[in-house]
Amino acid sequence: MHANPTEQRLSECGIRPTAQRVQIALLLLAAPQHLSAEQILASLRSAGARVSKATVYNTLNLFAARGLIRQLSVDGSRRGLIPTWMRTTTSTMWPVAPSSTSPFRG
């Protein structure tokens, strides 16, 4: 039995809930939002987490492969195609409208 719902959700998707994976999942699943890997990394580091860029990308790829999130390609005028991540469930896909903090807003 898992101590919290995030760990349980990861386990249900076949993902071993390591501390870093739980931190990333908590950030992604907290609200209907889309975030770039860079935004996730910056947010985690500003909260004091010691996490590498490779760990963030590897975790996002794992989450996507297991159906926890979905990768979206968004045409950023200054940065080309940027992978953006959002949460998904079996019945709901959150809208992809850029948030006020998103680097993709016009």
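FYI, it's all coordinate maths here, none of it is from the lab. Here the structure is a predicted model, which means the values were calculated and not measured. Note that each Cβ is placed from the backbone with ideal geometry, even for glycine, and that neighbours are counted across all protein chains shown.
In segment 56-67, the residue that is surrounded by the fewest Cβ atoms within 10 Å (Cβ to Cβ) out of those that are closer than 20 Å to PRO5 by Cβ and touching a Lys or Arg at 6+ places or on another chain (Cβ under 9 Å) is LEU62.
Rundown of residues vs (1) among the hydrophobic types (A, V, I, L, M, F, W, C); (2) crowded, with 19+ Cβ neighbours inside 10 Å; (3) under 20 Å from PRO5 (Cα atoms), yes/no style:
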residue	(1), (2), (3)
PRO17	no, no, yes
ALA25	yes, yes, yes
PRO32	no, no, yes
GLY48	no, no, no
ALA54	yes, no, no
